[in-house]
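Okay, structure first, notes after.
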Amino acid sequence: MEIDPLPNGNTGTTSIGSSTDTTLSSTVSTPATSETPASKLSHLSDSLKLEHQFLRVPFEHYKKTIRANHRAVEKEVSAVISAVDSSSSDLSRDDAVSHLSSLVSRLQGLKRKLEEESRVENLQAQRCRTRLDHLESADADNLTEWSNTRLKRILVDYMLRMSYYESAAKLAETSNIQDLVDIDVFHEARRVIEALQNKEVAPALAWCADNKSRLKKSKSKFEFQLRLQEFIELVRADNNMRAIRYAQKYLAPWGATHMKELQRVLATLAFKSSTECATYKVLFEPKQWDHLVDLFKQEFYRLYGMTLEPLLNIYLQAGLSALKTPFCYEDDCPKDDPLSQESFRKLAVSLPFSKQQHSKIVCYITKELMDTENPPMVLPNGYVYSTKALEDMARRNNGKITCPRTGVVCNYSDLAKAFIS
């Protein structure tokens, strides 16, 4: 659910004039001090609360591998048992030996498959253990290093979601964090995404079959949408009889739950792909394949317990929510404000404005907060800077003050203090 970007309380971000050279900041500036161990531990505790996906994804992948291996073994063992039960007792010696040799060969193949599957399961179990150990290794002493590793993990996650697979793999390799990222999981999604982008639904339908029980439990519509698109492609090719048979076999079972959508799509048999009727024309547009890609990504993320948005976006939005004020969208928004950039503005569209009880005036020179301890001073040309900045400038220039923006020179003794109301 999106939150309307309405003002939250008194934002207090009124500009103090076009001639004043100040920046209204949405956050309170505090003197730089070293964090105490208690504050570091509190910060670490808050960070660990956000690591749900970090543990959930490899665990879900591990469970999926076990289920798939279990089904494959059951199928193979059942086939062997059936072959033994169906063997005739009156086989000749040579036929019996040949039959038994075939069964032994099949069982040896099953053994090799079980060994390979066991190796894969052990690797995935070890990955889960590695991630637990990584979380346990976090403490106040190595918080900086641990946070840097987390940043790299977040960047890899973003690259994988944006389909920059090679760049993500390279960053993970150079940072030695292969076991802390989900490259192999996203390669599973890559095959389906690339197929859909090439207008092929077979890999996506195979993925739905592999995860049928879980998709059904979550009431997913993804398979239904794939079937609809296949039907549309048959209509586009003017293969109406085949489209009707396809609908009877694959679409009819969905009628009880998706009748309205089904009726709309079936009507394309009469309207054809060349129709100008907006209701049906949209069904033949190429963007329907983009919609399927987006829908698959949502189902894939949900299946593995991932966040629907990239972690990088979530962390950035957390910071932007504290910085967003109406002043950020004005033409004279300072360039050092992240929200002066269009990409950050788009990311913050759904965020509310931060609640600001009072305006915060930050010195253009020192970037420090101007308050009663460091009051603002106004130059003859109307530009305002902090007392600390002007005193430092006067001390270095024999009492002379030069305005950084206009080059106007004046004596420090001639300045009048501007008081905060």
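The values are calculated or read from the model by the stated rules, or taken from the named source; none is laboratory data. Predicted model, so just to flag it, every value in this text is computed and none were measured. Note that we place each Cβ from the backbone using ideal geometry, even for glycine, and neighbour counts take in every protein chain shown. Calculation scope for accessible area: heavy atoms of the full protein, side chains included, ligands and nucleic acids excluded. Shrake-Rupley method; radii C 1.70, N 1.55, O 1.52, S 1.80 Å.
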Name the residue, out of ASP85, ASP141, ASP371, whose mean-square fluctuation peaks in a Gaussian network model built on the chain with Cα pairs under 10 Å. ASP85
How much solvent-accessible surface does TYR280 expose, in Å² to the nearest 10, with a 1.4 Å probe and all protein chains in place? 40 Å²
For the range 283-300, what does the Karplus curve 6.51 cos²θ - 1.76 cosθ + 1.60, with θ = phi - 60°, yield as ³J(HN,Hα) per residue in whole Hz, taken in order and with x for Gly and Pro? 5, 9, 6, x, 5, 4, 5, 5, 4, 5, 4, 4, 5, 5, 4, 4, 5, 5
Please list the non-local residues whose amide H lies under 5 Å from the amide H of LYS360, H modeled 1.01 Å from N, same-chain partners needing a gap of 5 or more. SER25
Measure up LYS216/LYS297; LYS221/LYS281; LYS219/LYS272; LYS113/LYS212; LYS272/LYS297; LYS212/LYS297 against 20 Å on the Cα-Cα distance and list the ones that go over. LYS221/LYS281; LYS219/LYS272; LYS113/LYS212; LYS272/LYS297
Through the Karplus equation 6.51 cos²θ - 1.76 cosθ + 1.60, θ set to phi - 60°, convert the phi angles of the range 325-336 into ³J(HN,Hα) values in whole Hz; use x for Gly and Pro. 9, x, 4, 5, 9, 8, 5, 9, 4, x, 5, 7
Kindly identify the range 162-209 as rounded, prolate or oblate by the Cα gyration tensor criterion: order the square roots of the eigenvalues as a ≥ b ≥ c, call it rounded if a/c is under 1.5, otherwise compare a/b with b/c, prolate if a/b is larger, else oblate. oblate
Sequence-separation-based contact order of the chain, relative, with Cα cut under 8 Å and 6+ spacing, percent: 28 percent
Net charge dipole size for the chain [Lys, Arg +1 and Asp, Glu -1 on Cβ; Debye, nearest 20]: 1020 debye
